[in-house]
1. Where a ≥ b ≥ c are the square roots of the eigenvalues of the C-alpha gyration tensor, would you call segment 272-313 rounded, which needs a/c under 1.5, or, failing that, prolate if a/b is larger than b/c, or oblate?
2. Arranged by the count of other C-beta atoms within 10 angstrom, fewest first, what order do Ser328, Ser14 take?
3. By count of other Cβ within 10 Å, fewest leading, how are Arg196, Arg447 ordered?
4. How high is the relative contact order of segment 280-377, given as a whole-number percent (alpha carbon pairs under 8 Å, six or more residues apart)?
5. For Gly465, what charge total do you get from the other residues with a beta carbon under 15 Å from its beta carbon, if Lys and Arg give +1 and Asp and Glu give -1?
6. Which residue, chosen from Ala431, Pro463, Asn387, occupies the Cα position most advanced towards the positive end of the dipole of segment 366-480, where the dipole is computed from +1 (Lys, Arg) and -1 (Asp, Glu) charges on Cβ about the Cα centre?
7. Taking the Cα centre of segment 280-377 as the origin and placing charges on Cβ (Lys, Arg +1; Asp, Glu -1), which of Val358, Val319, Gln330 is farthest toward the positive end of the dipole?
8. DSSP beta bridges in segment 397-523, what fraction antiparallel, as a percent rounded to 5?
Amino acid sequence: MAPVETEDISHGESHAVLIGVSTYQDPSFPAVPAALNSVRGMADALIDPELCGWPEDRVTIIENPENAAALAQQLRRIAEQTSDTLLVYFVGHGVISDLGDVCLAVCGTDLRDPDLTGLEYPKVRRIVMGSPAQVKIVILDCCYSGRAIQGLSAGGDGHFADATAVSGAYTLTASDGTAHVAPLAEQITAPTSFTRAFLDIVRQGIQDGPSALTLGDIYRELRPLVMARGLPAPNRRGTDTADLYTFARNIAFRPPGRSDERAGDLTVRLITTEAEELFIQLMEKQDPVALTHESLDALDDSPGVYQLHRSQGGPGSRVVYVGQSDRSLQQRLQAQMVKISGRLNIDVSEISFTRLYVEDDLSVVYPARLLINRLLDQGEDAPWRMNGFGNSDPGRNRDRTVLKSRHFDALYPINLAWVIRNDGPRGRMTALEFATLIKGKLPYVFRFAYQGSEIEAVSVEMPEGAISADEAFRLLAEALGAEWQISALSGYVVMYRERDVKYPSATRYYCGTRVWDSTPELYGA
């Protein structure tokens, strides 16, 4: 099984689909506010580089889907394009149909006809089995109440995990019978009981456990934990090899050291405490260097670890981000300098950095973790860490994501007044050529698709001199007409053959000659 990745190593063709349903049109289903907290908590754990290490663009969050058929279609499209690890997580209500099939309830599910209005699990099973993914993981946190409890209880002595098992994969379920739901007042800020226990293990680690946690490790800790909390026993099905899939780093892992009790063991600690302390001391002794082209040109093209510091007018500076690159510190810092330069509410002149080159395998020693631990020990943290700063293009599936209020893109949205200086071709060019030109000049992502011949049939006049990104998008939208829409989101810009499509994080839209601003939706403190 593949090891947990660092932020520099891609998860390849892996994809996680996290589905949470908190509200229902049928009053027979009580609201489950904790469902969305669970989805967001699971996403945070997956993209945390210190835990699961998934890139944010490989995690798709689907909140409160209304139509089961549309949900199944979206899941199938993602599954078809996943060849490494496919993870499907569902939290919400579940019910057993008259035929005995498990049905996952979406917002529009009618309890009288769950097989027609809900997502029948056999469909999910076929989708998952049909995926080319080498590893398939399904986690179901289904909460039941009212008539849904009776429906589940009618399942007889058969196990829920048996009904949902996928051959050659790993299925983890919250309960064979009735799942536990916390009181409504507690659900406003907390995840569901099962997911809370699961995340507690992932986030806190396992004392005296291995350096990385497999699904089997987590389950062996999870079952007694939930039962000790008075919750229904979880269940799981899977092959022996699926148990060995590495899900997360063990945050509680400490390499074994020599002691009287272990004097006879053949134990060696490759990374010594002395080496770790020296590493910390060397980083702390450095004076931060301004993040400029000149300072970056002086760097070696080598792997290493770094800290970004921010000064906001007062004396000193604060560490805002800790990262590492197993390929090139220089290229990583150059990319981040460009990203910061294209944002509002911040200036690249405020940013400096410290760094050390590291010869060891960074995926093994993970030196960034030592720096983060030191910050936490001092009662501090790097605020850009785990808040979207290091992410690249999140992909089409994440365009409709509602951002946290503390997300990097929410705090520092893209600057549409960014000046584009063109030293290349001028005059008239096709819309495709124009879009490609400005894409290469922007300090943030501009994603567009080849949809319809007009993107090459219509032309745009590239003005003499410099223009702003906003002016460029206006020219492009006017040329393409009302059937195309350019949407400036908080962190990037997308252009597709669509109209009147709303995105939660959008700040401005361009469609034909119309331009209008929008206020992004945010959640959390």
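Quick note: the coordinates plus some simple rules give every number you see, no bench work behind them. Just so you know, these numbers come straight off a predicted model, no measurement behind them. Neighbour counts are summed over all protein chains in view; Cβ atoms, including those assigned to glycine, are modelled from backbone coordinates with ideal geometry.
1. The shape class here is oblate.
2. Starting with the residue having the fewest Cβ neighbours, the order is Ser328, Ser14.
3. Arg447, Arg196
4. Normalised by residue count, the contact order of segment 280-377 is 37 percent.
5. In short, -1.
6. So the residue we want is Asn387.
7. Val319
8. Of the beta bridges lying entirely in segment 397-523, close to 80 percent run antiparallel.
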